[in-house]
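One structure is given below, encoded as structure tokens.
The values are calculated or read from the model by the stated rules, or taken from the named source; none is laboratory data. Keep in mind it's a predicted model, so treat the numbers as computed, not measured. Virtual Cβ from ideal backbone geometry, glycine too; neighbours counted across all protein chains shown.
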Amino acid sequence: MTDDNKTTEVRTDRNSRSAETRDSQTRRTPWAPPSMLDAPKPPPGYQFRWIREATRGIDDKSNMSKRIREGYEPVRAEDFPEFEAPTIDSGSNSGVIGVGGLILAKVPVETADERNAYFSNQAKTAMEGVDQNFMRESDARMPIKDSDIQRTSKVAFGSKPTNKGN
């Protein structure tokens, strides 16, 4: 027997480099409880917000009317066919994405920013009023300075250890 007549077969069990990329590997995502308020990605220039339509089965018409006047528009499920969401079956908001008395609404980002700025200014004005009211209590015998006003608080549980042995 000669070596010329033998056929040697070389097998390689290697994968190509392109098959080993991170993109081709799928990682398992860890389990997490599902969110009741999942929403699709909003269209450019808009943001989504859940607004109250009903409480304990009773329609909240005043809240809905207020939100619509603020510029909110209910989001219809047919506008997002790729997103599987619960919808309202009957009533004036039929076909709108909603769950548990809340409906999904969209508002232009500019309107939301203006609304946030308005309420931020309201809160700032209220704090200035509280500070002025507090400063009225200042007495020349014991004046209150701006540095005396603290707007932070600290909560501690239990007792601090004491060094009785020293």
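Residue-wise test of (1) farther than 16 Å from residue 116 by Cα; (2) under 21 Å from the mean Cα position of the chain (by Cα); (3) assigned to a strand (DSSP E or B).
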position: 44; (1), (2), (3): yes, yes, no
position: 48; (1), (2), (3): no, yes, yes
position: 65; (1), (2), (3): yes, no, no
position: 78; (1), (2), (3): yes, no, no
position: 81; (1), (2), (3): yes, no, no
position: 85; (1), (2), (3): yes, yes, no
position: 89; (1), (2), (3): yes, no, no
Between residues in the stretch 118-140 that are on the phi < 0 side of the Ramachandran plot and residues that are among the hydrophobic types (A, V, I, L, M, F, W, C), which pairs lie under 9 Å by C-beta distance while being six or more apart or on different chains?
-> 131/149; 134/144; 134/149; 135/144; 135/149; 137/144; 138/144
With respect to residue 122, is the statement that it is at pLDDT below 90 and not basic (Lys, Arg) true?
-> no
Filter the stretch 47-60 down to the residues that are out of contact with any Pro (no Cβ under 7 Å at 6 or more places or on another chain) and either basic (Lys, Arg) or buried (at least 17 other Cβ atoms within 10 Å of the Cβ) (or both), then identify the one that is nearest to residue 37 (Cα to Cα).
-> 50
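Which members of the stretch 40-59 meet the condition of being β-branched (Val, Ile, Thr) and closer than 15 Å to residue 75 by Cα? Before you say what the answer is, go through the steps one by one.
Residues of the stretch 40-59 that are β-branched (Val, Ile, Thr), as a first pass: 51, 55, 58.
Residue satisfying the conditions is 51 alone.
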Residue count, the stretch 91-111 (criterion: more than 18 Å from the chain's Cα centre (by Cα) and among the hydrophobic types (A, V, I, L, M, F, W, C)) | 1
Write out, first by first residue and then by second, each pair whose Cβ atoms fall under 9 Å of each other, whose residues are 6+ apart or on separate chains, and whose first residue, in the stretch 57-73, is in contact (Cβ under 8 Å) with a residue 40 or more places away in the chain while the second is outside any strand (DSSP E or B) and among the hydroxyl-bearing types (Ser, Thr, Tyr).
-> 70/111; 71/111
Which of the residues spanning the stretch 61-86 are of a type outside the set (A, V, I, L, M, F, W, C) and either closer than 13 Å to residue 100 by Cβ or surrounded by 17 or more Cβ atoms within 10 Å (Cβ to Cβ) (or both)?
-> 67, 72, 74, 86
